Amino acid sequence: MAPDFSLSNQFGEPVTLSALRGAPVAVVFYPFAFSGICTGELCELRDNFAQFASSGTRLLAVSVDSKYTLRAYSSAEGFEFELLADFWPHGGVASSYGVFESERGMAGRATFVIDSSGMVRDAFSTPSGQARPLERYRQALAAL
């Protein structure tokens, strides 16, 4: 089972993973808003958002940034999906998924694809400084 969590989105609204059961969810951890590789990755997801929508998959992007930073980031980049603030306790949700890099104070670059019953069906990551390939998302969504 995917570790449950409740975080605020960029508008300050709570998003609880267990409340989303009944549809698949992709939880995308990324280090920081407004950083180069993260922006490239999330803009690629934005530009291919139809793949998530057509499969009924809810896309949640999670970083340790505050909801205020995430609101500005979402507005600047035109993201149609929710950005969640794992701000306090700092990196708590990323820690529960085993992807928090405490020495750097940030989430690692990791994705968890969760089925409609709350089970992790796929997980993938890339090293710091390397973007996740869009094809890997396509494979994970196809396997749902």
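The values are calculated or read from the model by the stated rules, or taken from the named source; none is laboratory data. On a predicted model such as this, the values are computed, not experimentally measured, just so you know. Using ideal geometry, Cβ is built from the backbone for each residue, glycine included, and neighbour counts are taken over all protein chains shown. Just the protein is used for accessible areas: all its heavy atoms, side chains included, with ligands, DNA and RNA removed. Shrake-Rupley method; radii C 1.70, N 1.55, O 1.52, S 1.80 Å.
Rolling a 1.4 Å probe over the heavy atoms of the protein chains gives the chain an accessible area of 45 Å² per residue.
What you get for the chain, charging only the Cβ of Lys and Arg (+1) and of Asp and Glu (-1), is a dipole of about 140 debye around the Cα centre. For the range 51-95, what % of the accessible area comes from carbon and sulfur atoms, probe 1.4 Å? Within the range 51-95, the accessible surface is 54 percent carbon and sulfur.
Maximal additional length on extending the R121-E103 stretch stands at 3.6 nm, based on 0.36 nm per residue less the C-alpha distance. Sparsely packed loop sites in the range 1-101 (the GluC sites (Glu not before Pro) outside DSSP H, G, I, E and B with at most 14 other Cβ atoms within 10 Å) comprise E80. Considering the chain as a Gaussian network with a 10 Å cut-off on Cα pairs, which listed residue, L60, L20, L84, attains the greatest mean-square fluctuation? The residue that fluctuates most here is L20.
Length available on full extension from R138 to H90: 0.36 nm per residue minus the Cα-Cα distance, which gives 14.2 nm.
Let me make sure I get this right: for the range 25-68, a, b and c are the square roots of the gyration tensor eigenvalues over alpha carbons, sorted descending. Under 1.5 in a/c it's rounded, otherwise prolate if a/b > b/c, else oblate. Which is it? In terms of gyration-tensor shape, oblate.
In the chain, helical runs assigned H by DSSP with n ≥ 4 each contribute -39500 (n - 2.57); averaged across all residues and rounded to the nearest 500, the mean residue ellipticity at 222 nm is -8500 deg cm²/dmol. The accessible area of R132, taken with all protein chains in place and a 1.4 Å probe, comes to roughly 10 Å².
Quick one: work out the % antiparallel among DSSP beta bridges in the chain, nearest 5. The partial results should precede the final answer.
Numbers: 18 of 27 bridges.
Bridges in the chain that DSSP calls antiparallel: roughly 65 percent.
Once you put a point 7 Å from the Cα of F34 and another 7 Å from the Cα of S75, both along the Cβ direction, what distance in nm separates them? My value for the distance between the label points is 1.3 nm.
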